[in-house]
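The values are calculated or read from the model by the stated rules, or taken from the named source; none is laboratory data. Small disclaimer: the values here were computed from a predicted structure and weren't measured. Here the Cβ is made from the backbone with ideal geometry for all residues, glycine too, and neighbour counts use every protein chain on show. The accessibility values were calculated without ligands, DNA or RNA, using every heavy atom of the protein model including side chains. Shrake-Rupley method; radii C 1.70, N 1.55, O 1.52, S 1.80 Å.
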Amino acid sequence: MLLNIRLSIRRFWQKHKYKVVIALIVWLIAILLNQMLKQLRTPVTPSKSYFPHESIMDTKEEVPEKFTQPIEEWMDTFFTSCNNKNYEEAYNMLSDEYKNSNTIEYFQKYIDSIFDTDKTYIIQNYSNKENIYLYKVKIMDDILSTGLTGKDELEYVEEIVTIKRDGNDLTFSIGNNITEEAVDKAYENEHLKIAVTNKEVRYDSEIYTVEISNRTDYVIVVNNFANSESVVLDLGDVQRNLAGTDIDMIIEPESKLRIKLKFSKFFDDGRDAKAIKFENVRIFEEYLGDESDDEALRKYSIKIDL
Amino acid sequence: MKRPKNENKILIIISICLILLIIILTCLFQIIIPNMKKDETYVSEDFVKNDDLSLDNIHMPSEGEWIKLQLSGEESRIHYYIATFIDRYIGYSKYELAYDALSEGFKKNYFDTYEKFVSYVEQKYPKSTILSYGDIQREGELYILEVTIEEVFSNEEPIKQTFVVKENDFNDFEIAFSV
């Protein structure tokens, strides 16, 4: 009996072995496929429209994913320190550039003016350019704890946090100043010298520190209220006037004027400043404010390449 | 030539095995894999089967609502949570659930005891309501919107309240409102 069964199996195997092997292979493939699909399964989470590390202005440059967590950790530690009035700890988290131009006393006053009560914050990457990442941070009351009780609308203070990346190192600063650098450009002749000594880049403007020396016994008028378009920032395809129209640049004989000139220019507009143009520099024997250009002893148009 | 009897038996056994194999494969492709895909939507079993709906579990979404919730956009989900809070939790006197849904900070600020909250909602909200929603404002992970709460068949002035909602997961939310 057993022998018969063995013989039958052998005969069956010899006759149908290919079919059986194919069936087994199909079966194995199906099992493997099933396992693979199980591995691919991902949990579903609610769809959201809040992406704190995606730039809302321009997506050409992105914050690398490996920096998103350190950035969030920095924000958390910094704003927690501000809430807890740990001024020194928070101040020391800022870049040397920030600390060089802002004292801890100034920083303390600034923090006290914003963090008068416990605040929360919301971060949003705003713009990125050449390893500089700008985040807008809304600082507000903890509305999930207040339900906006007693308020008609959400009130918040907006702060810009500038993050500079150097390799794998990140430095952070606040207060709208993105970069600040010394500049050494000048024009001079026997009558005057105009030197550009410093440049501050903010998100929506560039500020140049300019020193104008009068080497004559006369009055030099570089700009006055009546003609505020005579000093411009040359961006190549476009020129920007001085921001603010009430800037007088009148230099008395043998004296020097140091002034900050602010021009509207967006940090991420893709343009670079080429030059500052002083297009209507005049030398008057005397200047009371109502003299016409024809009365000037000399007139210059000066361009300082940056 | 006649096939031996034993071989016929073996053939029958193997045929049965093959049929079983086909059935298993069919089950695999027709039932298990599609159910797996369905599983991607059914992350949690935190809903009530349609035939189990009762007043005891009125606070939980039905199966249909659960699917709809997972397919909805942010705004619809937030509306659903506010409706759940007012209509289901408070409307059906499930005050403990409503209290649990409040954010910890909000409880601490305005309703440090459960009794205070119950007293407030019983005074403030009607049992049967019609809700209408104002524009939604997203601030990070928080949603802010004004909700108008009217009592059904009533001439009473509707209540207007600002709600702040944070969604942690589907049907898992924290809520605060202007008191």
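Remark: C-alpha extents of chain A on the principal axes read 134, 50, 36 Å, sorted largest to smallest. Using +1 at the C-beta of Lys and Arg and -1 at the C-beta of Asp and Glu, which of A:Ile220, B:Tyr95, A:Ile22 has the Cα lying farthest in the positive direction of the dipole of the protein assembly as shown? Final value for the positive-end residue is A:Ile22. Measuring between alpha carbons in the structure, the pairs from A:Lys109/A:Lys260; A:Lys199/A:Lys299; A:Lys48/B:Lys160; A:Lys99/A:Lys199; A:Lys136/B:Lys108 lying more than 20 angstrom apart are A:Lys109/A:Lys260; A:Lys199/A:Lys299; A:Lys48/B:Lys160; A:Lys136/B:Lys108. Packing around the peptides B:129-135, A:88-94, taken as the average count of other Cβ atoms within 10 Å per residue, puts them in this order, highest first: A:88-94, B:129-135. Of the GluC sites (Glu not before Pro) found in the range A:19-87, those that fall in a DSSP loop while having at most 16 other beta-carbon atoms within 10 Å are A:Glu54, A:Glu61, A:Glu62. Ellipsoid fit via the Cα gyration tensor, the range A:153-271: semi-axes of 32, 18, 14 Å, each the root of five times an eigenvalue, largest first. The fraction of Cα-Cα pairs per 10 angstrom bin, counted from 0 for the range A:205-306, comes to 15, 47, 28, 8, 1 percent, rounded to whole percents. When the alpha-carbon atoms of the range A:130-214 are used, the pair Rg, Dmax equals 20.4, 68 angstrom. Contact residues in the range B:107-152 by the 10 Å² criterion (accessible area, 1.4 Å probe, full protein complex versus chain alone): B:Asn109, B:Tyr110, B:Gln137, B:Arg138, B:Glu139, B:Gly140, B:Glu141, B:Leu142, B:Tyr143, B:Ile144. Solvent-accessible surface, computed for protein heavy atoms with a probe of 1.4 Å, shrinks by 30 Å² or more for the following residues of the range A:47-76 when the other protein chains are added to the isolated chain: A:Ser47, A:Lys48, A:Ser49, A:Tyr50.
Translational diffusion coefficient of the range A:72-136 (Stokes-Einstein, Kirkwood radius from Cα pairs, 20 °C, 1.002 mPa s): 167 µm²/s. Apolar share of the accessible surface for the range A:14-102: 57 percent from carbon plus sulfur atoms, 1.4 Å probe.
Dividing the summed helix terms, -39500 (n - 2.57) for each DSSP H run of n ≥ 4, by the number of residues in chain A produces a 222 nm estimate of -9000 deg cm²/dmol to the nearest 500.
Chain A and chain B together bury an accessible surface of about 3600 square angstrom, both sides counted, with a 1.4 Å probe and no ligands or nucleic acids included. Leaving out ligands, DNA and RNA but keeping every protein chain, what accessible area does A:Lys15 have, in Å² rounded to the nearest 10, with a 1.4 Å probe? For A:Lys15, solvent-accessible area is about 120 Å².
Interface residues of the range A:123-152, defined as a loss of at least 40 Å² in heavy-atom accessible area between the chain alone and the complex of all protein chains with a 1.4 Å probe, are A:Ile143, A:Leu144, A:Ser145, A:Gly147, A:Leu148, A:Thr149. Applying the Karplus relation 6.51 cos²θ - 1.76 cosθ + 1.60 with θ = phi - 60° to the range B:64-69 yields 3J(HN,Hα) values of x, 5, 4, 5, 4, 4 Hz, where x marks Gly and Pro. Solvent-accessible surface of the protein assembly as shown, taken per residue with a 1.4 Å probe and all protein chains present: 57 Å². For the range A:239-288, the carbon plus sulfur part of the accessible surface works out to 43%, probe radius 1.4 Å.
Considering only C-alpha atoms, what is the centroid distance from the range B:59-121 to the range A:1-50, in Å? The two parts, judged by their Cα centres, are 49 Å apart.
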